[in-house]
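K.L.:
Here it is, the structure in full.
The values are calculated or read from the model by the stated rules, or taken from the named source; none is laboratory data. On a predicted model such as this, the values are computed, not experimentally measured, just so you know. Cβ placement follows ideal geometry from the backbone for every residue including glycine, while neighbour counts extend to all protein chains displayed.
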Amino acid sequence: MAISSKRTHLLLLLLTFLCLSFIGRGDIVSDLHSLRSQSPSGIIHLNETLLNRIFTLSENPRSFYLIIFFDAIQLHNQPEPNLKSIKSEFALVSKSFIINNKNSSSSLFRIFFCDIEFSESEKEFIKFGVEVLPNIRIVPPDVNDSKSDSIPMDLVDHSSLAQSISDFIYSKTGLLVGKIHYPPIFTKIQLGFLVLGILLWMPFMIRKLILGETIFHNKKIWMFGTYFVYFFSVSGSMFILIRRIPLFVIDRKDPSKVVFFFNGNGMQFGAEGMCVGFLFTIVGFLLAFVTRVVVRIKDSMIQRVAMISVMIVSFWAVREVVRLSHWKTGYIVHAYLPSNWYK
C-alpha cells in the first residue's frame, strides 16, 4: 500500500508538471491576444521575459508571426531617424489589421504587432543584430535564430509608409493587412461645429459677395497670399510639416548651443528652410518690383540705381543659397561660378 501510494503521488506530480507545461505552451497565443487588447494601438510591448517565453515555451514551429518595431525613446525628439513618426505609421498598420480582421479569428491570431524599447531590452537588440534604427522585422513561426532568420524591412523614404509596411507584411507572410484606416481630419463633434458655423456664416457671406466686400475682392490679400504660397513652396515647409522636423536641435557636444543647419543631403531643420525661403522670396519680390515698378520710373538715373541695387541684392541671395547647398551636399552647381563661393 505504501509503495502504491508513493507511485500514485509521483504520478500525480508528473501529470501536474505536464499539465502546467502544456498550459504554458498553449496559452501564449491567448496571452498575446490579451496583451494586444489592452493596448490602444494593438501593439504588444515585448520584454526579455515575454520573448523568452515565446521562443522557448510556445510550440515549434509557432502558429503566428511577430512584426517587431525596434524603438528607442531617447531618439523620439531627434529629426533623424524620425522614430516617433515611423512608429505612428506602424501603429496605424496595427490598428487597421485589427479592424479589418476583427471577425476573422484565424487571421487575427496569425500576426501580432510588437515593439521593443532599447533602454529596457538592450540584450534583445543584440540578439536580433539590430545596430541601426529605424528597424522593423518579421519573425516567422519557424525562427530559431533571431538574428539570421528574422526578416528586416528596407525602410526607405516612402510617400505612404503605412501602406509600404502592409505590402511588406503581405509579401513575406502571405497574410493581408487590408485597408489602412487613416484617422479623420476632424472628429464628429468638430465636424458638427464646423458645419453649424458654415450654415450661420453663409447668409452674411452671400450678402458681402453681392456687395463686393469680401477679402477675395481685396488686391492686397491676393498679393499677400501669392507671396505666402511662394515662400511656403521654396522653403520646404511642406516637407517640414509632414516629417515634423523641429526648427532646431540642441548640440549633443555642447548643450549650451543650438544647431540650425544640418550638414547632410536630404534633410533640413525648420530654421534652415525658413532662411532659404526668405532668400528666395527676396529674389522673387525684387523680380516683381523690377517688372512692375522700376520699368515705370521715368527718371533714368533713379531707374539705373534701382536696377543695380536689385542686381546686387539678388546676386548676394543666390550666392548664399549656392554656398549653403555646397556645404550640405558637396555638390558644385556650375563650373563657371567663382570657386570662393564654395568655401
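K.L.:
Of the residues Ile189, Ile116, which is on the phi < 0 side of the Ramachandran plot, β-branched (Val, Ile, Thr), more than 17 Å from the chain's Cα centre (by Cα) and part of a helix (DSSP H, G or I)?
P.N.:
Being on the phi < 0 side of the Ramachandran plot, β-branched (Val, Ile, Thr), more than 17 Å from the chain's Cα centre (by Cα) and part of a helix (DSSP H, G or I) holds for just one of Ile189, Ile116, which is Ile189.
K.L.:
Something else about it: Looking only at the range 170-195, which residues are farther than 17 Å from Phe112 by Cα and of a type in the set (Ser, Thr, Tyr)?
P.N.:
Tyr182, Thr187
K.L.:
Here is a follow-up. Can you tell me which residue within the range 119-170, out of those that are assigned to a loop (DSSP other than H, G, I, E, B) and among the polar types (S, T, N, Q), is farthest from Glu48 (Cα to Cα)?
P.N.:
Within the range 119-170, the match that is farthest from Glu48 (Cα to Cα) is Ser159.
K.L.:
Next up: Residues in the range 148-156: is at least one within 17 Å of Arg62 (Cα to Cα) and in contact with a helix residue (DSSP H, G or I) (Cβ under 7 Å, 6 or more places away or on another chain)?
P.N.:
Yes: one or more hits.
K.L.:
From the list Lys179, Lys188, Lys147, pick out the single residue that is farther than 16 Å from Ile86 by Cβ, of a type in the set (Lys, Arg) and assigned by TED's automatic domain parsing to the domain that holds Lys95.
P.N.:
Exactly one residue qualifies, and that residue is Lys147.
K.L.:
Of the residues Asn82, Asn100, which is touching a residue at least 40 places away in the same chain (Cβ under 8 Å), touching a Lys or Arg at 6+ places or on another chain (Cβ under 8 Å) and more than 21 Å from Gly174 (Cα to Cα)?
P.N.:
Step by step, each of Asn82, Asn100 is checked, and only Asn82 is touching a residue at least 40 places away in the same chain (Cβ under 8 Å), touching a Lys or Arg at 6+ places or on another chain (Cβ under 8 Å) and more than 21 Å from Gly174 (Cα to Cα).
K.L.:
Looking at the structure I just gave you, is Lys95 charged (D, E, K, R), closer than 17 Å to Leu161 by Cα and in contact (Cβ under 8 Å) with a residue 40 or more places away in the chain?
P.N.:
Numbers: charged (D, E, K, R): yes; closer than 17 Å to Leu161 by Cα: yes; in contact (Cβ under 8 Å) with a residue 40 or more places away in the chain: yes.
Considered against the rule, which asks whether it is charged (D, E, K, R), closer than 17 Å to Leu161 by Cα and in contact (Cβ under 8 Å) with a residue 40 or more places away in the chain, Lys95 comes out as yes.
K.L.:
Return the residue satisfying two criteria in turn: it lies in the range 192-225 and is more than 30 Å from Ala162 (Cα to Cα) and among the small types (Gly, Ala, Ser), and of such residues it is farthest from the chain's Cα centre (by Cα).
P.N.:
That would be Gly212.
K.L.:
Let me ask another. Exactly one condition in (1) at pLDDT 50 or above; (2) farther than 28 Å from Ile250 by Cβ; (3) surrounded by 11 or more Cβ atoms within 10 Å (Cβ to Cβ); (4) basic (Lys, Arg) is not met by Arg7; state its number.
P.N.:
(3)
K.L.:
Quick check: anything in the range 86-99 farther than 25 Å from Ile242 by Cα, at pLDDT 85 or above and not assigned by TED's automatic domain parsing to the domain that holds Phe262?
P.N.:
Yes, the range 86-99 contains a residue that is farther than 25 Å from Ile242 by Cα, at pLDDT 85 or above and not assigned by TED's automatic domain parsing to the domain that holds Phe262.
K.L.:
So, in the range 164-176, of the ones that are under 19 Å from Lys87 (Cα atoms) and in contact (Cβ under 8 Å) with a residue 60 or more places away in the chain, which residue ends up surrounded by the most Cβ atoms within 10 Å (Cβ to Cβ)?
P.N.:
Selected residue: Ile165.
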